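Enquirer: Questions regarding the structure given below will be posed in turn.
Please treat every number below as a calculation from the coordinates, not as lab data. Quick caveat: nothing in here was measured; it's all calculated off a predicted structure. Heads up, the Cβs are rebuilt from the backbone with ideal geometry, glycines too, and the neighbour counts pull from every protein chain shown.
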C-alpha cells in the first residue's frame with residue numbers, strides 16, 4: 001500500500017524551527033544544482049512559469065527573469081514572505097498542490113525537490129494537473145534529490161513514477177543523473 005503524502009503541517013513545523021530548513025540560500029550544493037537546473041532549460045524565454053514548492057524563492061529568483069510572468073506556490077505560508085522579497089517580479093501564493101492549483105496555462109512548470117513528498121495518488125494527480133495546464137510547446141522540469149529523504153519514496157522512484165503518469169505522447173528524457181540529484185524533462189508536442 002502506498003504511503004500518503006507528507007502533510008502541510010510537517011512543512012509548517014520545519015519553517016517554525018528554521019527559516020531556511022534545507023539551507024537553500026547558503027549551500028554550495030544548492031548553488032551548483034541551481035546552475036545545472038538553469039542549464040537544463042531550453043534556451044528561450046517562457047511566457048508563463050510556475051514553480052511548485054517554491055520555498056524561500058532561491059530558485060524562483062533565477063527562473064523568473066526567464067519568464068514573462070512567474071508564479072511560485074508552496075504548502076507553507078512562512079517561506080512566501082522571503083520568496084516575495086527575493087523575487088519581487090514574481091507572484092507567490094500558498095497552495096497545496098495537487099489539490100489546489102492555479103488557473104491558466106504555463107509553458108514552464110518547475111518541480112524541484114517536491115515529488116518525493118507526495119504519495120502515489122497525489123503524484124499521479126499532479127501529473128494530471130501538469131497535463132491539463134501545460135501549454136503547447138511547454139516543458140515540465142523535474143529535479144530530485146537521490147539520497148535519503150523525509151518523504152514517501154526515493155527521488156528516483158518519484159521522478160520515474162511522475163514521468164510514467166504523464167501522457168505517452170509527451171517525450172521525456174533524463175538530462176542529468178548525478179550521485180546526489182537527477183534532472184528530467186518532459187515536453188508537450
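Enquirer: Nearest 5 is fine: what % of DSSP beta bridges in the chain come out antiparallel, could you say? Walk me through the numbers before you get to the answer.
Expert: On the way: 12 of 32 bridges.
Of all bridge pairs located within the chain, approximately 40 percent are antiparallel.
Enquirer: Right, next: For region 50-92 and region 109-164, what is the separation of their Cα centres, given in Å?
Expert: What the calculation gives is 18 Å, centre to centre.
Enquirer: Let me see the pair-distance distribution of region 141-189: every alpha carbon pair, 10 Å bin width, integer percents in order.
Expert: 27, 53, 19, 1
Enquirer: OK, next. For region 35-81, would you read off the P(r) tail past 17 Å as a percentage of all alpha carbon pairs?
Expert: 32
Enquirer: Relative contact order (percent) for region 26-187, with alpha-carbon contacts under 8 angstrom and 6 or more residues of separation?
Expert: Relative CO of region 26-187 lands at 19 percent.
Enquirer: Ok, one more. State, in angstrom, two size descriptors of region 60-105 derived from its alpha carbons: Rg to one decimal place and Dmax to the nearest whole number.
Expert: For region 60-105, the Cα radius of gyration and maximum Cα-Cα distance read 10.5, 28 Å.
Enquirer: Let me ask another. What is the spread of the Cα atoms of region 85-189 along each of their three principal axes, largest first, in whole Å?
Expert: 36, 34, 25
Enquirer: Right, here's the next one. Among (i) 107; (ii) 163; (iii) 208, which one is volume of the Cα convex hull per residue in Å³ computed from these coordinates?
Expert: Computed from these coordinates, volume of the Cα convex hull per residue in Å³ corresponds to label (i).
Enquirer: Rank by packing, highest mean first: peptides 48-55, 96-103, with packing defined as the count of other Cβ atoms within 10 Å averaged across residues.
Expert: Highest to lowest by the protection proxy: 48-55, 96-103.
Enquirer: Using only DSSP helix segments of four residues or longer, with each worth -39500 (n - 2.57), what per-residue ellipticity at 222 nm results for the chain after dividing by its residue count and rounding to 500?
Expert: -9500 deg cm²/dmol
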